[in-house]
Amino acid sequence: MRTTESYESEVKKVYVELFEIDAAPESIGGDEELFGPQCVHGIDSMDVLRFLAVLRKRYDLDVSEIATETFRTPASIAAFLAGREGGSE
């Protein structure tokens, strides 16, 4: 079974690659805001849609499952994915 930590690591890697951020994925904190006014990477609302589209395809998510408040930090995304797919902490 996949762990929450493995999901979090994947999410950070996807984020860094998609937005071509000049930082190592592991340098992004689990509770770091990926979007919005607290985001240090300058990711805007259109970028949110791109990111969600990549996650939706990668993890076969239904649009109705995606709530933006759940998808704000790497830790919250990982917890959602682990819970959805039967992962563990």
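The values are calculated or read from the model by the stated rules, or taken from the named source; none is laboratory data. It should be emphasised that the depicted structure is a prediction, and the values quoted were computed from it without experimental measurement. Backbone-built Cβ (ideal geometry, glycine too); neighbour counts: all protein chains shown. To get the accessible areas, we keep the full protein, side chains included, count just its heavy atoms, and leave off ligands, DNA and RNA. Shrake-Rupley method; radii C 1.70, N 1.55, O 1.52, S 1.80 Å.
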Subject >> Cα long-axis angle, helix 74-84 against the chain (0 to 90 degrees, to the nearest 10) >> reply: 20 degrees
Original post:
Under unit Cβ charges (Lys, Arg +1; Asp, Glu -1), what dipole magnitude, rounded to 20 debye, does the stretch 1-42 have relative to its Cα centre?
Top reply: 120 debye
**OP:** Note down the magnitude of the dipole of the chain about its Cα centre, charges +1 on Lys and Arg C-beta and -1 on Asp and Glu C-beta and zero elsewhere, to the nearest 20 debye.
**Re:** 260 debye
Original post:
Which of the listed residues, Ser64, Ser27, Gln38, is farthest toward the dipole's positive end in the stretch 1-72, when Lys, Arg count +1 and Asp, Glu count -1 at the beta-carbon?
Top reply: Ser64
**OP:** Go from 0 up to the bin containing the longest alpha carbon distance in the chain, width 5 Å each, and give me the % of pairs per bin.
**Re:** 3, 15, 28, 28, 18, 7, 1, 0
**OP:** For helix 45-59, report the angle its Cα long axis makes with the longest principal axis of the Cα atoms of the chain; keep it between 0 and 90° and round to the nearest 10°.
**Re:** 30 degrees
Original post:
With every protein chain in place, what's the accessible area of Asp60 (1.4 Å probe, Å², nearest 10)?
Top reply: 120 Å²
Original post:
With r defined as the distance between the Cβ atoms of Ser27 and Arg84 and R0 fixed at 25 Å, what FRET efficiency is calculated, to the nearest 0.05?
Top reply: 0.40
**OP:** Report relative contact order for the chain in percent, whole number only (criteria: Cα-Cα under 8 Å, sequence separation at least 6).
**Re:** 46 percent
